[in-house]
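**Q** After the structure tokens below, expect a handful of questions from me.
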Amino acid sequence: MEQGDKQALVADIEKQHGQRLRRFLASRLRHRLADVPDLVQEVFLRLLRINHLETIRSSESYLFTIAFHVLHQHVLRRAAMPEAIEISALINEMESAPENDPAMQVERQQQLEELQQALHELSPKAQAVLLLHRRDGYSLEEIGTQLGISRAMAAKYLGKALLHCRHRMWEKKVGMP
């Protein structure tokens, strides 16, 4: 089957079953409705990757089988992801805590030490990118110029640093070693 024919067939399947597919995914992702369009797209991309679409007997059944697998993988990925902890929000929260509460002061100090430890575990460039971006407010372009790296590399370092810090803070929050 040619690519144009395949796209036309998938467009027809989307026209026939797209709305039901969206409702199916939305009903199972009650609190994550923003993920529905991405999952719908993934379902149709997988459908386009099939070599012999014409051999499918029931396009609706096949579509919902793919959707179920995409949904299952999405749920597994979500379960494995640590809860996002926004570093700047954490620092602001720590700074705004009441000064007269000793328990809050100890907790704030422990969180700062954990964050500092997570920062020290990063490579020097990843650490510099994170601090320049979050603390000093530099754009990725400015960071790239400052450190002599591309914008894409600065973005990569920032993503890696944020993920590392969030993961470390999440581990401490749930009591993992």
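The values are calculated or read from the model by the stated rules, or taken from the named source; none is laboratory data. Because the structure is predicted, anything quoted here is derived from the model rather than measured. Methodologically, a virtual Cβ is constructed for each residue, glycine included, from the backbone with ideal geometry; neighbour enumeration extends over all protein chains shown. SASA here: full protein model, heavy atoms, side chains in, ligands and nucleic acids out. Shrake-Rupley method; radii C 1.70, N 1.55, O 1.52, S 1.80 Å.
**Q** Is it the case that some residue within the stretch 57-80 is of a type in the set (V, I, T) and at pLDDT below 85?
**A** yes
**Q** Another question, if that's okay. Could you tell me whether any residue of the stretch 82-89 is at pLDDT below 90, surrounded by 16 or more Cβ atoms within 10 Å (Cβ to Cβ) and under 30 Å from G159 (Cβ atoms)?
**A** Yes, that holds for at least one residue.
**Q** In the list E99, E42, E93, which residue meets the criterion of being of a type in the set (D, E, K, R) and either modelled with pLDDT of 85 or more or touching a Leu at 6+ places or on another chain (Cβ under 8 Å) (or both)?
**A** E42
**Q** Now for a different question. Name the residues in the stretch 147-167 that are open to solvent by less than 70 Å² (accessible area, probe 1.4 Å) and in contact (Cβ under 8 Å) with a residue 12 or more places away in the chain, would you?
**A** L147, I149, A154, A155, Y157, L158, A161, L162, H164, C165, R166, H167
**Q** Shifting gears a bit: How many residues are open to solvent by 60 Å² or more (accessible area, probe 1.4 Å) and either over 16 Å from Y62 (Cβ atoms) or touching a residue at least 24 places away in the same chain (Cβ under 8 Å) (or both) when one looks only at the stretch 21-47?
**A** Total meeting the criteria: 12.
**Q** Now for a different question. What is the number of the single condition among (1) in contact with a Ser or Thr (Cβ under 7 Å, 6 or more places away or on another chain); (2) of a type outside the set (A, V, I, L, M, F, W, C); (3) open to solvent by 30 Å² or more (accessible area, probe 1.4 Å) that G144 does not meet?
**A** Every condition holds for G144 apart from (3).
**Q** For the stretch 114-128, name all the residues that are closer than 24 Å to R151 by Cα and in a helix (DSSP H, G or I).
**A** A118, L119, H120, P124, K125, A126, Q127, A128
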